[in-house]
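Trainee: My questions will all concern the structure given below.
The values are calculated or read from the model by the stated rules, or taken from the named source; none is laboratory data. What you see is a predicted model, and the numbers here were worked out from it, not measured in a lab. Note that each Cβ is placed from the backbone with ideal geometry, even for glycine, and that neighbours are counted across all protein chains shown.
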Amino acid sequence: MEYAHFAEEMGKTPLGAEVFNCSAPDTGNMEVFERYGSAAMKETWLKPLLEGEIRSAYLMTEPDVASSDATSIEMSCVRDGDDYVLNGEKYWASGAGDPRCKVYIVMVKTGGEDDPKHQRHSMIVVDAATPGIEILRPMLVFGHDDAPHGHMHIRFTDVRVPAENILVGEGRGFEIAQGRLGPGRIHHCMRSTGQAEAALEQMCKRALSKEAFGKKLAQLGANYDIIAECRMEIEMARLLCLKAAWMMDQGDARAAAPWISQIKVIAPRVSLKVIDEAMQMHGGQGISQDTPLAAAWTAQRTLRFADGPDAVHRRQIARTELK
């Protein structure tokens, strides 16, 4: 809950998380190294990550499977002597285009069809400079490549990784993923609330500074109602985010999960609505490069996919409710 308030403030500007070294996917990867990494991993990767000397990427999504069902992930990871050999492709690898990105945490398939469905996958730490790794292209988000960080499409061809780089052990990938993605999801939601607050502030300043038809914009049409609805929805989203954060603080990940899913659906939905109304209040300028609104909308729309699409989270919420 303490972090929630900080993250909301950081979320008000795209540079906020970067300034305080709390950017995605680095915060989640730092937590993985801290919770699941060996002493050597912590020295080699966690320490420079915490000091802001390097960046990292998290590779889970694949182009050829429905990654919203993570049990379908197929990247091959086969033991060969003292190494694992990786083959396959990943995309939407956020941060992998950053020249400071030195390490990947990769979700791979190590088990067979006879293994339980949630014990077929593992997490492995891969040095980004390992031979056989090829960055194919940056993925474009609404036509933009999000330089310099980039969401990269990467091919692994016979990439050899030391066996000790497997996190915890084979078959523990889902356990680690949930430990990582829960906090990562709620960090996004906290920042979303900050984005919504910033957009509402810009909307109000515009409504009071511009005139049309002889009146301030605030006094025209339904603009009072629009501003009021945005304020109320932001307050509701913030409270739900704080409730989810409080549930996480209690230490029961299973009990917190449906609350994280709820705010993961609600936060970008509310933020998108507020940003959209702010763009409308700004007229043509609102979708131009002259305000940060268009870039904010793009980021929030993307968030409806990141760390699980809305439909998957609603499914989890409903399953919990039906129980």
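Trainee: Search region 68-92 for residues being buried (at least 21 other Cβ atoms within 10 Å of the Cβ) and small (Gly, Ala, Ser), and hand back the single one that is modelled with the highest pLDDT.
Mentor: GLY88
Trainee: Name the single residue that is nearest to MET203 (Cα to Cα) among those in region 292-311 being of a type in the set (S, T, N, Q) and surrounded by fewer than 20 Cβ atoms within 10 Å (Cβ to Cβ). Quick ask: steps written out before the conclusion?
Mentor: In the first step, residues of region 292-311 are kept if they are of a type in the set (S, T, N, Q); the result is 298, 300, 302.
Still in the running and surrounded by fewer than 20 Cβ atoms within 10 Å (Cβ to Cβ): 298, 302.
Numbers: THR298: 18, THR302: 22 Å.
Here the residue is THR298.
Trainee: Further question on the same structure: Please list, ordered by residue number, the strands (runs of 3 or more DSSP E) wholly in region 57-143 having 3 or more residues that are under 23 Å from the mean Cα position of the chain (by Cα).
Mentor: Correct list: 83-94, 101-109, 121-127, 133-138.
Trainee: Now, a different point. Examine region 118-137 for a residue that is exposed (fewer than 14 other Cβ atoms within 10 Å of the Cβ) and more than 26 Å from ASP158 (Cβ to Cβ), and state whether such a residue exists.
Mentor: No, because not a single residue in region 118-137 is exposed (fewer than 14 other Cβ atoms within 10 Å of the Cβ) and more than 26 Å from ASP158 (Cβ to Cβ).
Trainee: Please determine whether any residue of region 155-163 is under 23 Å from the mean Cα position of the chain (by Cα) and under 30 Å from ALA295 (Cβ atoms).
Mentor: Within region 155-163 (the criterion being under 23 Å from the mean Cα position of the chain (by Cα) and under 30 Å from ALA295 (Cβ atoms)), the answer is yes, since at least one residue qualifies.
Trainee: Please indicate, with yes or no, whether at least one residue in region 165-182 is in contact with a strand residue (DSSP E or B) (Cβ under 8 Å, 6 or more places away or on another chain) and in a strand (DSSP E or B).
Mentor: Taking every residue of region 165-182 in turn, at least one turns out to be in contact with a strand residue (DSSP E or B) (Cβ under 8 Å, 6 or more places away or on another chain) and in a strand (DSSP E or B).
Trainee: Restricting the first residue to region 303-323 and requiring it to be under 22 Å from TRP92 (Cα atoms), which pairs with a second residue that is of a type in the set (Val, Ile, Thr) meet a Cβ separation below 6 Å and a spacing of at least six or different chains?
Mentor: The qualifying pairs are ASP310/VAL265; HIS313/VAL265.
To keep it simple, each residue is scored yes or no on (1) touching a helix residue (DSSP H, G or I) at 6+ places or on another chain (Cβ under 9 Å); (2) assigned by TED's automatic domain parsing to the domain that holds MET190; (3) surrounded by fewer than 17 Cβ atoms within 10 Å (Cβ to Cβ); (4) not in a helix (DSSP H, G or I).
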| position | (1), (2), (3), (4) |
| --- | --- |
| ALA4 | yes, no, no, no |
| GLU8 | yes, no, no, no |
| ALA17 | yes, no, no, no |
| ASN21 | yes, no, yes, yes |
| GLU34 | yes, no, yes, no |
| LEU46 | yes, no, no, no |
